[in-house]
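Shown next, in C-alpha cells, is the structure this report addresses.
Values in this text are rule-based calculations from the coordinates and carry no lab data. Because the structure is predicted, anything quoted here is derived from the model rather than measured.
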Amino acid sequence: MKTRPAVVRFALAVSILLLAAPATSAFAGGDVNILVGAKPMDRDDWAPVEDQGAFGVEVTFGREAWPVWIAVDYFASAAVEERVPINVGGFVTSGDIYGTTFELDLGIRKIWGEKKTRPFLGGGVGLVGAMLDLDVADDIDHAAAAWAGGGVFWRLGRRFNVGGSVRWSDAQVTLFGNDVQAGGFTYGLLLGWGWPAGS
C-alpha cells in the first residue's frame with residue numbers, strides 16, 4: 001500500500017507543533033487549534049478530486065503587550081477517486097486518482113476578547129504545494145502564497161477551545177504541464193487549547 005505524502009507531512013507537522021507548544025508556553029501566551037473541515041477546489045483544475053477534506057493546525061503565540069501575535073499554521077487537504085478511466089499513450093486503463101494540497105504559513109493574528117468569546121483575524125505569507133497521483137504517474141509542485149483568515153472560538157474552562165475558522169490562500173502551481181490553483185478557501189471546526197500570557 002502506498003503511503004500518501006500529505007498524511008506523512010501532516011503527522012510530522014502535528015508532532016512538531018505539539019512538542020513545541022509546551023516550550024512556547026513557558027515565555028508567552030497562545031493557542032493551538034486543530035482544524036477539521038473541507039477545501040473545495042476548482043472543478044476545472046481538479047475534477048474528479050475537487051471535493052477535498054482538510055486538516056490543519058493553527059498556532060498563535062505572543063506576549064500580552066503585543067498588539068498582534070505570531071501565527072504559524074499548517075494545512076493539508078486530500079481526496080481520492082477510485083477506478084477512474086486513465087488514458088496512457090492511447091491505451092485506456094483504470095486506476096485511482098489522488099489529489100492533495102499542503103500549506104505552511106507564517107504571519108500575524110489578532111485575537112480579541114479575554115473571556116469566553118474570542119474572534120480572530122490574521123494573514124501573512126506561506127508555501128503552498130500540490131500533488132496529483134494518477135496511479136500510473138504523479139506530479140508535485142509548490143509556490144509562494146499569500147493567505148488571510150479569521151473565525152471565532154470559545155474558551156471552555158481555563159484551557160479548552162472550540163470554534164470555527166475560514167481561510168483563503170492563493171498559489172498557482174504546475175501539474176502535468178497545466179497551471180492549477182493550489183490555494184482556495186479552507187473552512188472547518190476548531191478544537192484546541194490555550195494558555196494565558198505569562199503563565
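Once phi is turned into θ = phi - 60°, what whole-Hz ³J(HN,Hα) does the Karplus curve with 6.51, -1.76 and 1.60 give for every residue of segment 174-184, x standing for Gly and Pro?
Along segment 174-184, the couplings run 10, 10, 6, x, 10, 7, 10, 8, 9, x, x Hz.
Taking θ = phi - 60°, what integer Hz values does the Karplus form 6.51 cos²θ - 1.76 cosθ + 1.60 yield along segment 139-149, in sequence order, with x for Gly and Pro?
Result, rounded to whole Hz: 9, 9, 8, 8, 7, 5, 8, 10, 9, 8, x.
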